[in-house]
Amino acid sequence: MVPYANRTMSNEIEFMNIILKSGEYLILEGDEDKVSLPIPEGIGVAHTHPGICLFSHKDIETADNTFIKGYVINSVLNPHCISSIFRKGAYTLDDRENLLSLAKSVKKAKTMDSLVSAYKKFSSENLVFEYKNI
């Protein structure tokens, strides 16, 4: 996805990669600052961001929908970093509440410090948030 992330950095058009249950994958081109579609049955999804590689509140709400459909990982990346939320067990109601609470905190965040704080506070039994530099 790094070549697509590079393209996103230059023109702000986002791309999404969906790994289907069959093992095949799709790479879809979205619009400026967003990519959206009906989510097919799959295993994992990643999409590019033109700025920071943290999930927006809408991205987190989409992750909730994909976890309900059985996905195990959601990622956001740019050429320099990747962040992922992945399941390490069943997606429970408590996990869902924690994830949607994170979405609300991210939506309310007005500064980078408050955004980072929201992610640091995130805790859930069967969901893990991970951030890595590439």
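Taking the conditions exactly as written (of a type in the set (S, T, N, Q) and closer than 22 Å to Val128 by Cα), does Asn11 satisfy them or not? Spelling it out, it is not the case that Asn11 is of a type in the set (S, T, N, Q) and closer than 22 Å to Val128 by Cα.
Residue-wise test of (1) modelled with pLDDT of 90 or more; (2) hydroxyl-bearing (Ser, Thr, Tyr); (3) touching a Pro at 6+ places or on another chain (Cβ under 8 Å).
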| residue | (1), (2), (3) |
| --- | --- |
| Ala5 | yes, no, yes |
| Glu14 | yes, no, yes |
| Ile19 | yes, no, no |
| Gly23 | yes, no, no |
| Ser36 | no, yes, no |
| Ile39 | no, no, no |
| Ile43 | yes, no, no |
| Thr48 | yes, yes, no |
| Leu54 | yes, no, no |
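Does Tyr119 fit the bill of being of a type outside the set (D, E, K, R), open to solvent by less than 20 Å² (accessible area, probe 1.4 Å) and closer than 23 Å to Gly23 by Cβ? Criteria not met by Tyr119.
Okay, residues lined up against (1) under 25 Å from Lys108 (Cα atoms); (2) charged (D, E, K, R):
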residue	(1), (2)
Glu14	yes, yes
Gly23	no, no
Pro50	yes, no
Gly70	no, no
Ser75	yes, no
Pro79	no, no
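A search for C-beta distances below 6 Å between a residue of the stretch 92-117 that is modelled with pLDDT of 95 or more and charged (D, E, K, R) and any residue that is part of a helix (DSSP H, G or I) and surrounded by 13 or more Cβ atoms within 10 Å (Cβ to Cβ), counting only pairs 6+ apart in sequence or on different chains, returns Lys107/His57.
The values are calculated or read from the model by the stated rules, or taken from the named source; none is laboratory data. These figures come from a predicted structure and were not determined experimentally. A quick note on method: Cβ atoms are made from the backbone with ideal geometry, for glycine too, and the neighbour counts reach across all protein chains shown. Ligands, DNA and RNA are stripped out before the accessible areas are found, and what is left, the full protein with its side chains, is counted by its heavy atoms. Shrake-Rupley method; radii C 1.70, N 1.55, O 1.52, S 1.80 Å.
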